[in-house]
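Since the structure comes first, as structure tokens, the remarks are kept for the end.
The values are calculated or read from the model by the stated rules, or taken from the named source; none is laboratory data. This one's a predicted model, so the numbers in the text were calculated from it and none came from an experiment. Backbone-built Cβ (ideal geometry, glycine too); neighbour counts: all protein chains shown. Heads up: the accessible areas ignore ligands, DNA and RNA and are worked out on the full protein's heavy atoms, side chains in. Shrake-Rupley method; radii C 1.70, N 1.55, O 1.52, S 1.80 Å.
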Amino acid sequence: PLILSVFLIMMSFGIFLWYIEIWELTVRDYTIIAAGASIVPIVVSGSIMSVVAGWLIQHLDAQYIICIGVVEVMTALIVLGTMPAHQVYWAQAFVAALVIGAGPDFVLTAGQVITSNSVRRHEQGVAGSLIGVVQVYGLSTGLGFAGTVERYVNDNGNNLVKGYRGAIFLAVGFCVLALAINLLFVRMPAEKREGWDEEDLQRRLEEKM
């Protein structure tokens, strides 16, 4: 359930990144530099929230941290999908970019903790890399589904914005599914441990002897 939830969120995040850029380039006639600059808020909010997520993991159950990340991604997608074809950047596109920056950091941080705590210490490297693989595949896979939806709802290429909205709201659907899976099946208490338990360390030493 955790892997599927993370996969769905990264699919949604990848769709957001593509469609905010393609919307600005094809509909609003942004230059490439301006379009690239428009997603700078993602870097800023993501950098800040990665620290916040590290702090929250000690005070809040990991599944709820994932829920916060899912809601942030879903909110940003709704803001993006409901904006008019032509509008000043600061009204909705900026807000969407600012909000979504925190989502992946919350989801991936909590996901790493859950997978690491689900295996023995010597297996944690493999478990952690699994989340990284899910992240990469999710970012790319979502665009395949989104592109299919866009193609079938854009009136044969005559209504680009309608196609973009269809793809974006597909991502909203992914978020709803991820939220449901996370609330129903993912469980992990807050990580309050500092370092490794002495008992665990002693067991590992005995295994080596």
query = Which trypsin sites (Lys or Arg not before Pro) in segment 63-151 pass both tests, a DSSP loop state and at most 11 other beta-carbon atoms within 10 Å?
reply = Arg120
inquiry  = Positive end of the dipole of the chain, charges at C-beta (+1 Lys, Arg; -1 Asp, Glu), about the Cα centre: which of Ile3, Ser129, Met74 has its Cα farthest in that direction?
reply    = Met74
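So what's the back-of-envelope 222 nm ellipticity for the chain, counting only DSSP H runs of four-plus at -39500 (n - 2.57) apiece and dividing by all residues, rounded to 500? Let's see the in-between values first.
Details: 9 runs with 159 residues, N = 209.
Only helices count here, giving -25500 deg cm²/dmol.
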note = Taking Cα pairs closer than 8 Å and at least 6 residues apart, the relative contact order of the chain in percent is 38
remark   = Matching label for the computed semi-axes √(5λ) of the Cα gyration tensor in Å, out of [x] 37, 17, 14; [y] 43, 16, 14; [z] 23, 19, 17, is [x]
key: GNM flexibility winner over the chain from Met74, Met49, Met11 (Cα, springs under 10 Å)   = Met49
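Indicate the gyration tensor shape class of segment 80-169 (rounded, prolate or oblate), computed on the Cα atoms with a ≥ b ≥ c the square roots of the eigenvalues: a/c under 1.5 is rounded; otherwise a/b larger than b/c is prolate and the rest oblate. Walk me through the intermediate numbers first.
Values: a/c = 5.09, a/b = 2.00, b/c = 2.54.
In terms of gyration-tensor shape, oblate.
Relative contact order of segment 45-134, please, whole-number percent, based on alpha carbon pairs below 8 angstrom and at least 6 residues apart. Intermediate results must be reported in sequence, preceding the final value.
Details: 93 pairs, mean separation 33.4, N = 90.
Value for segment 45-134: 37 percent.
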key: Filtered chymotrypsin sites (Phe, Trp or Tyr not before Pro), segment 71-154: DSSP coil and at most 12 other beta carbons within 10 Å   = Trp90
message = Test of understanding: in a Gaussian network model of the chain with alpha carbons linked when under 10 Å, which of Gly14, Gly101, Gly125 would top the mean-square fluctuation ranking?
response = Gly125
ask   = In whole percent, how big is the carbon plus sulfur part of the accessible area of the chain, probe 1.4 Å, protein atoms only?
value = 67
query = Comparing Asp29, Asp61, Asp105, which has the greatest mean-square fluctuation in the GNM of the chain with Cα pairs linked when under 10 Å apart?
reply = Asp29
key: Å² of accessible area per residue within the chain, as computed with a 1.4 Å probe and no ligands counted   = 51
